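Below: one structure, written as structure tokens.
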Amino acid sequence: AQSLIIDCDPGQDDAVAILLALGSPQDVELLAVTAVAGNVPLTRTQENARSVVSLAGRQDVPVYAGSDRPLVRPLVTAEYVHGKTGLDGADLPSPAQPLAGGHASQAIIDIVRSRPERSVTICPVGPMTNVALAMRLAPDIVPRIRQIVLMGGAIGLGNITPAAEFNIYVDPHAADIVFRSGVPLVMHGLDVTHKARCTPERLERIADLGTAVGRAVYGMLTFYGKYDQHRGAGGGAPLHDPCAVAYVIQPDLFGGRDCHVAIEVASEPSIGRTLVDWGGVTGQAANCKVIDTIDDDRFFEMLTERLARL
Ligand code: BDR
Ligand code: CA
């Protein structure tokens, strides 16, 4: 099994990403969940992360709290998507475990240092503040990281501004550090995550599991699906963050291209844009595998099957 750290801001789709990892112990060993401010403030994301691991009966997985704001810019949150709690729609248990001691960035450093070289995969599915901070505090960990499989950015249009996707927009300076780090990167942007729609039929199959996890996921995704529905996108909730974890489990579900990606950090109207050199026009060496396709039927089959194990 691949050693994994999920760095997240739950968020309903973050919650499903964590559950997918916990339902797949033969493929991934979840070493820690690290929380960051993003969809909602840190006080909520760290508590939500603990509730989600508790829901799965896995309070042995440590949850660390990290940065309560982006590196440079003020925090922007997304209660208009995720609700006031960040996990609206589900009745989750109170966390069965306390917060693990120490800052999330220090936890990332300690874990990567203590494990064999190039064995730890990190899945950032929120703003990348904790990961960037870890890289700056301890540059020695950078070449030790196996890969960073992230959700963020877009080849095409953004979702919080015309130019930018939420996770990169919230902390573009952190994203810039990560994209320049030299760690092998795999980016799941909106181009692919908008193809991972939890349609009403797929949602019913999750409800049919008849378990506490099935009920919670059904409730969360029913609430969270409303946002895109109201914007006329329809077709169900886009499962952004689970795409990144699914890639770690089964990369052949996805297709993409190696290319250079730069982060816009200067221009206010375009800040947080991922400049994906899809056509190779800059001549800059590839620093990222950019994913744009998914076998969504197989993805949902796997997700439902893994949730059923919890
Ligand atoms: C990303 O932003 C958040 O709202 C989701 O959790 C996801 O990580 C999508 O833009
Ligand atoms: Ca997220």
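Between Thr34, Thr45, which is within 16 Å of ligand 1 (Cβ to nearest atom) and assigned to a strand (DSSP E or B)?
Just one listed residue meets the conditions, Thr34.
From the list Arg136, Arg205, Arg197, Arg115, exactly one residue is among the basic types (Lys, Arg) and under 17 Å from the mean Cα position of the chain (by Cα). Which is it?
Testing whether each residue is among the basic types (Lys, Arg) and under 17 Å from the mean Cα position of the chain (by Cα) leaves just Arg197.
Can you tell me which residues in region 93-108 are surrounded by fewer than 20 Cβ atoms within 10 Å (Cβ to Cβ) and either β-branched (Val, Ile, Thr) or under 21 Å from the mean Cα position of the chain (by Cα) (or both)?
Answer for region 93-108, where residues must be surrounded by fewer than 20 Cβ atoms within 10 Å (Cβ to Cβ) and either β-branched (Val, Ile, Thr) or under 21 Å from the mean Cα position of the chain (by Cα) (or both): Pro95, Leu99, Ala100, His103, Gln106.
If the requirement is being closer than 14 Å to Thr34 by Cβ, within 16 Å of ligand 1 (Cβ to nearest atom) and hydrophobic (A, V, I, L, M, F, W, C), which of these qualifies: Val125, Val192, Val120, Val217?
Sole residue among the options that is closer than 14 Å to Thr34 by Cβ, within 16 Å of ligand 1 (Cβ to nearest atom) and hydrophobic (A, V, I, L, M, F, W, C): Val125.
What residue, among those in region 32-52 that are near ligand 2 (Cβ under 10 Å from one of its atoms) and of a type outside the set (Val, Ile, Thr), is nearest to Ala174 (Cα to Cα)?
The selected residue is Gly38.
Kindly provide the set of residues from region 57-75 that are surrounded by fewer than 15 Cβ atoms within 10 Å (Cβ to Cβ) and either within 14 Å of ligand 1 (Cβ to nearest atom) or farther than 26 Å from Leu307 by Cβ (or both), ordered by number.
Matches in region 57-75: Val72, Pro74.
Within 23 Å of Gln250 (Cα to Cα), surrounded by fewer than 21 Cβ atoms within 10 Å (Cβ to Cβ) and at pLDDT 95 or above: which single residue out of Gly210, Gly214, Gly189 fits that description?
After applying the criteria, what remains is Gly214.
In region 74-93, is there at least one residue being touching a Ser or Thr at 6+ places or on another chain (Cβ under 7 Å), modelled with pLDDT under 95 and not in a helix (DSSP H, G or I)?
yes
On the basis of being more than 15 Å from ligand 1 (Cβ to nearest atom), of a type outside the set (Val, Ile, Thr) and within 19 Å of the chain's Cα centre (by Cα), does Pro184 make the cut?
Answer is yes for this residue.
With (1) away from ligand 2 (no atom under 16 Å from the Cβ); (2) modelled with pLDDT of 95 or more; (3) closer than 19 Å to Phe299 by Cα; (4) not in a helix (DSSP H, G or I) as the list, and Gly235 as the residue in question, which single condition is left unmet?
With (1) away from ligand 2 (no atom under 16 Å from the Cβ); (2) modelled with pLDDT of 95 or more; (3) closer than 19 Å to Phe299 by Cα; (4) not in a helix (DSSP H, G or I) applied to Gly235, the lone miss is (2).
Can you find even one residue in region 210-232 that is assigned to a loop (DSSP other than H, G, I, E, B) and farther than 18 Å from His82 by Cα?
yes
Can you tell me how many residues within region 132-158 are over 21 Å from Val72 (Cβ atoms) and either free of Cβ contacts under 8 Å to residues at least 40 places away in the same chain or surrounded by fewer than 19 Cβ atoms within 10 Å (Cβ to Cβ) (or both)?
The number of residues fulfilling the criteria is 8.
Which number in (1) over 30 Å from Val265 (Cα atoms); (2) in contact (Cβ under 8 Å) with a residue 40 or more places away in the chain; (3) not basic (Lys, Arg) marks the one condition that Pro25 misses?
Single failed check for Pro25: (2).
Take region 28-48 and flag every residue that is farther than 13 Å from Val248 by Cβ and free of Cβ contacts under 8 Å to residues at least 40 places away in the same chain.
Val33, Pro41, Leu42, Thr43, listed by residue number.
Within region 1-31, how many residues are within 22 Å of Pro172 (Cα to Cα) and assigned to a strand (DSSP E or B)?
4
Please pick out the residue among Asp14, Asp68 that is touching a Cys at 6+ places or on another chain (Cβ under 6 Å) and within 30 Å of Pro139 (Cα to Cα).
Asp14
How many residues does region 113-128 hold that are more than 25 Å from Gln46 (Cβ to Cβ) and assigned to a strand (DSSP E or B)?
So the answer is 0.
The values are calculated or read from the model by the stated rules, or taken from the named source; none is laboratory data. Small disclaimer: the values here were computed from a predicted structure and weren't measured. Neighbour counts are summed over all protein chains in view; Cβ atoms, including those assigned to glycine, are modelled from backbone coordinates with ideal geometry.
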